[in-house]
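Worksheet: one structure, shown below.
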Amino acid sequence: MAEYRTHEYDVLIIGAGGAGLRAAIEASGHGARVGVVSKSLLGKAHTVMAEGGVAAALANVDERDGWRVHFADTMRGGQYLNNWRMAELHAREAPERVRELEAWGALFDRTDDGRILQRNFGGHAYPRLAHVGDRTGLEMIRTLQDHGIHQGMSVHMECTVTRLLTDGARVAGAFAYDRERGRFLVFRAGAVVLATGGFGKAYRITSNSWEYTGDGQTLAYDTGADLLDMEFVQFHPTGMVWPPSVRGILVTEGVRGEGGVLRNSAGRRFMFDDIPELYKGQTADSEEEGWRYCTGDPTARRPPELLTRDHVARCILREVAEGRGSPHGGAFLDISWIGEKMANHEEHIRRKLPGMYHQFKELAEIDITKEPMEVGPTTHYAMGGVRVDPETQMSTVAGLFAAGECAAGLHGANRLGGNSLSDLIVFGKRAGEYAARFAKEHGPGTFDPAAAEAAEREALAPFHREAANGENPYQVQYDLQEMMQDRVGIIRHAEKLQSALEALEQLRERAGRALAPGSREYNAGWHTALDLHNLLTVSEAVTRAALLRQESRGAQSRDDYRGKDPEWGKLNLVVRKEAGGAMEVERIPTRPLPDELAKIIEEMG
Amino acid sequence: MMAQATFRIWRGNSGGGELQDFTLDVSEGMVVLDAVHRIQAEQAPDLAVRWNCKAGKCGSCSAEVNGMPKLMCMTRLSSLPMERPVTIHPMKAFPVMKDLVCDVSWNYEVKKRIPPFRPRAPDAPDGTWRMDQRDVDRVMEFRKCIECYLCQDVCHVLREHHKHDEFIGPRFLVYAAALEMHPLDEGTRARLLWEEGGIGYCNITKCCTAVCPEGIHITDNAIIPLKERVVDEVFDPISRALRVLTGRRGAAT
């Protein structure tokens with residue numbers, strides 16, 4: 001048998017963003033030996049890019065808020081396909097998780113009486129997002145990172161897991177390579193937590209970093225775990241659209257929370273034109289009322305710019321499709337107009353949105369205190385992911401846990417802004433705790449050394465392929481992104497989805513011929529070739545689930561099935577690998593809401 | 001705007017290397033990182049470069065562009081003299097691993113040595129604290145740091161004199177300042193900053209401040225107040241104690 005450098009932990013955590021680090025802190029706190037594997041350097045995960053805030057019903061700004069309202073908002077935003085127990089736990093536990101961050105050193109903006117300030121965001125009934133200007137993610141990941149390094153976790157930076165290793169039906173470890181040298185290593189672990197984030201890199205226009213290639217979802221799927229709700233991919237309505245090289249980079253929803261408005265090329269504030277029935281009662285009916293809401297008037301209702309992300313994204317696309325878009329194919333997002341309402345608006349904007357000010361100034365040469373931004377939808381978040389138990393976060397494979405964006409269930413058909421950062425800390429903590437318990441109860445597993453050797457052969461394949469008909473992995477990745485953008489994007493149709501499945505087969509064949517010239521040391525081409533398997537797996541899962549769900553709901557818009565179908569409103573979709581290796585999609589009924597939770601939704605509606 | 005441009009990229013590893021020229025079409029709005037990615041995709045698939053967010057938020061893509069420490073994702077080609085080749089070199093204060101990627105693990109070890117946040121007892125019975133926005137704002141500047149290590153790269157104590165064993169560098173002085181001036185923190189790091197952190201090595205040339213992509217006033221707002229604090233706590237503890245007892249505020253408190 002080949003010799004690998006081997007590390008042994010009680011709990012192995014794959015991913016070092018907010019969910020992974022919170023899980024690591026919790027597992028360490030339960031006495032587990034914890035190893036964290038990170039594809040990048042510590043502190044660079046996608047969490048760092050989260051801008052707007054962390055949703056938690058602290059009720060510091062509006063005392064009408066509470067966990068029940070947060071729960072009802074989350075369920076409504078998710079179009080009731082959420083796992084209600086996760087939504088309940090999330091709403092109940094988020095405030096405590098935020099207060100804990102403060103105890104670990106995070107500094108949030110303050111209210112006049114010195115408590116944590118909260119801001120408005122789409123789909124939230126009251127100001128609920130604890131924030132730090134528009135760099136909340138940085139504050140959060142740095143706090144977890146700095147607190148975590150004193151808790152005894154071992155961090156393996158720039159290290160990528162390619163396969164999970166199993167002991168019969170349970171997980172027993174992982175096979176990985178280190179990016180620096182390209183050497184292989186093996187982790188033995190009693191439990192594994194997947195916290196790898198999403199898969200926005202399957203699309204061309206995305207807010208996600210290179211790391212977001214669906215690793216956790218694919219590792220879980222390949223190990224036999226269920227994936228859930230994969231059709232629901234969130235397109236954030238406001239990504240940058242100009243210049244071309246920054247297309248997709250996020251413009252925080254905080255801009256709209258602070259009073260930013262959307263206009264078309266005719267200068268019309270088009271969001272007032274189409275307010276969904278579900279939200280009519282809670283939406284402002286005049287521009288004046290919308291502005292009062294943004295300034296914290298508790299008697300005002302929210303402006304239509306703060307409707308859910310799926311709806312805002314579709315409205316922008318409609319304006320573009322009907323010839324009223326901005327010059328580069330988006331819409332205008334204007335915060336500078338608040339100069340009409342306040343004297344020192346330039347300083348106010350720079351203080352509330354420093355990151356956005358900087359980003360537009362540096363990358364687009366636009367001063368957002370004086371000019372509107374041009375924005376359009378960008379692939380942002382995967383509501384779907386590994387199917388988990390709501391209490392423990394364990395997947396359908398024993399000892400394999402998942403948390404954060406990599407897991408599914410909390411957000412249903414569409415995620416509310418701010419519910420991602422709270423998801424990370426609420427379910428990161430739970431995953432860490434229950435993984436530590438599992439490892440303690442079951443001890444380490446053993447695995448067949450042949451599995452590690454097979455993983456090594458698979459990983460090295462791109463170096464050994466025939467150059468004659470070889471493929472450039474970057475080109476295959478690019479073609480996949482173009483194809484998914486075009487055929488499995490915001491507006492979907494059966495024919496296009498069907499043709500996407502055929503294209504995926506061809507892309508898979510090409511990925512099988514992808515070459516890695518050069519050495520194994522820090523070889524980006526090699527890593528791109530290896531990531532293709534993951535991107536193709538999640539892309540197929542999204543496409544198959546999108547094809548089967550014959551309705552439009554939340555993030556899924558079907559041109560051929562417009563509108564919601566009540567029957568589909570009671571169904572989740574599970575994707576798993578058949579014994580023969582093919583991908584199957586199964587409809588499962590949602591769990592009926594218990595009476596007391598149904599009552600909350602009714603009262604808050 | 002569509003034109004040909006030349007990029008002169010350092011390629012090699014810890015054993016040595018050399019600059020290599022790549023020519024490609026560039027277009028409006030491109031940043032240096034876009035060019036590096038295009039070279040990687042079309043001409044040099046194994047080219048090593050770090051990046052994550054491409055929006056100046058993660059601090060991964062630090063390098064030296066025409067000799068200046070920069071984030072490649074925030075350096076627009078239109079800000080450079082494109083009639084000449086654009087030279088891209090890895091950071092010089094750290095050992096190179098491959099091409100544009102350095103071994104920055106030393107920074108992570110340094111951070112572990114700095115005593116962590118230690119909050120005062122909660123202000124309210126529910127276990128929460130009260131803070132004034134003004135006190136929070138003062139530290140926010142330091143907490144904006146994205147750990148790109150460009151300040152470490154440009155600091156002559158590390159870059160020229162290689163005092164990595166004796167000096168923690170501007171980043172960790174900023175980090176220490178963020179903890180020391182945190183409205184809730186009760187820890188003390190002044191003696192450590194003097195004895196192990198080597199704060200005395202900093203002679204305030206402000207090179208770190210000049211390259212900070214977040215515009216943090218590293219020298220004026222972090223290092224100088226820390227130096228004052230060191231003087232107070234390490235060299236003049238009696239007058240400090242007197243000031244505390246009499247309620248007179250010193251410059252560094």
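The values are calculated or read from the model by the stated rules, or taken from the named source; none is laboratory data. Source: prediction; values computed, not measured. As a convention, Cβ positions derive from the backbone with ideal geometry for all residues, glycine included, and neighbour counts pool all protein chains shown. Side chains included, ligands, DNA and RNA excluded: accessible areas come from the protein's heavy atoms. Shrake-Rupley method; radii C 1.70, N 1.55, O 1.52, S 1.80 Å.
Would you be able to tell me the number of residues in the range A:291-310 that are under 16 Å from A:Tyr126 (Cβ atoms), without any contact (Cβ under 8 Å) to a residue 60 or more places away in the chain and of a type in the set (A, V, I, L, M, F, W, C)? Qualifying residue count, the range A:291-310: 1. For the range A:551-605, a tally of residues being in a strand (DSSP E or B) and within 25 Å of A:Phe235 (Cβ to Cβ) returns 12. If you go through the range B:58-93 and keep only what is of a type outside the set (A, V, I, L, M), in contact with a helix residue (DSSP H, G or I) (Cβ under 7 Å, 6 or more places away or on another chain) and under 26 Å from A:Trp526 (Cα atoms), you end up with B:Cys58, B:Cys61, B:Ser62, B:Cys73. Among the residues of the range B:113-128, the one identified as facing chain A (nearest Cβ under 8 Å), in contact (Cβ under 8 Å) with a residue 12 or more places away in the chain, assigned to a loop (DSSP other than H, G, I, E, B) and surrounded by fewer than 19 Cβ atoms within 10 Å (Cβ to Cβ) is B:Pro116.
Checking the range A:445-466 against the condition returns a match, with at least one residue being closer than 26 Å to A:Ala382 by Cβ, among the acidic types (Asp, Glu) and either part of a helix (DSSP H, G or I) or open to solvent by less than 20 Å² (accessible area, probe 1.4 Å) (or both).
One line per residue, one yes/no per condition, for (1) within 27 Å of A:Gln79 (Cα to Cα); (2) modelled with pLDDT of 95 or more; (3) among the small types (Gly, Ala, Ser); (4) open to solvent by less than 60 Å² (accessible area, probe 1.4 Å):
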{"site": "A:Met271", "(1), (2), (3), (4)": "yes, yes, no, yes"}
{"site": "A:Pro276", "(1), (2), (3), (4)": "yes, no, no, yes"}
{"site": "A:Tyr279", "(1), (2), (3), (4)": "yes, no, no, yes"}
{"site": "A:Glu289", "(1), (2), (3), (4)": "yes, yes, no, yes"}
{"site": "A:Glu322", "(1), (2), (3), (4)": "no, yes, no, no"}
{"site": "A:Ser336", "(1), (2), (3), (4)": "no, yes, yes, yes"}
{"site": "A:Met342", "(1), (2), (3), (4)": "no, no, no, yes"}
{"site": "A:Met356", "(1), (2), (3), (4)": "no, no, no, yes"}
{"site": "A:Lys361", "(1), (2), (3), (4)": "no, no, no, no"}
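Filtering the range B:129-142 to residues that are closer than 25 Å to B:Leu193 by Cβ, over 19 Å from the mean Cα position of the chain (by Cα) and facing another protein chain (nearest Cβ under 7 Å) leaves B:Met131, B:Val136. The residues of the range A:291-320 that are open to solvent by 10 Å² or more (accessible area, probe 1.4 Å) and among the acidic types (Asp, Glu), listed by number, are A:Asp297, A:Asp310. Considering the range B:143-170, and only residues there that are assigned to a helix (DSSP H, G or I) and either within 12 Å of another protein chain (Cβ to nearest Cβ) or open to solvent by less than 10 Å² (accessible area, probe 1.4 Å) (or both), the residue that is nearest to A:His147 (Cα to Cα) turns out to be B:Arg143.
Listed by first and then second residue, the pairs with beta-carbon distance under 7 Å, at least 6 apart or on different chains, first residue in the range A:434-455 and among the charged types (D, E, K, R), second open to solvent by 90 Å² or more (accessible area, probe 1.4 Å), are A:Glu453/A:Met1. Just so you know, in the range B:15-30 the residues that are more than 11 Å from chain A (Cβ to nearest Cβ) and touching a helix residue (DSSP H, G or I) at 6+ places or on another chain (Cβ under 7 Å) include one that is farthest from A:Val246 (Cα to Cα), and it is B:Phe22.
Looking across B:Leu33, B:Leu47, B:Leu71, one residue alone is closer than 18 Å to B:Arg171 by Cβ, in contact with a Leu (Cβ under 9 Å, 6 or more places away or on another chain) and either more than 9 Å from chain A (Cβ to nearest Cβ) or open to solvent by less than 50 Å² (accessible area, probe 1.4 Å) (or both). It is B:Leu71. Scanning the range A:501-550 for residues that are within 14 Å of chain B (Cβ to nearest Cβ) and acidic (Asp, Glu), we see that the one that is surrounded by the fewest Cβ atoms within 10 Å (Cβ to Cβ) is A:Glu521.
Using the structure shown, decide if A:Gly399 is over 25 Å from A:Gly200 (Cα atoms), open to solvent by less than 10 Å² (accessible area, probe 1.4 Å) and among the small types (Gly, Ala, Ser). Here the answer is yes, as A:Gly399 does meet what is asked.
One residue alone among A:Val375, A:Val386, A:Val426 is surrounded by 24 or more Cβ atoms within 10 Å (Cβ to Cβ), over 30 Å from A:Trp337 (Cβ atoms), in contact with a strand residue (DSSP E or B) (Cβ under 7 Å, 6 or more places away or on another chain) and not basic (Lys, Arg), and that residue is A:Val386.
Across the range B:178-197, the number of residues qualifying as crowded, with 19+ Cβ neighbours inside 10 Å and of a type outside the set (A, V, I, L, M, F, W, C) comes to 5.
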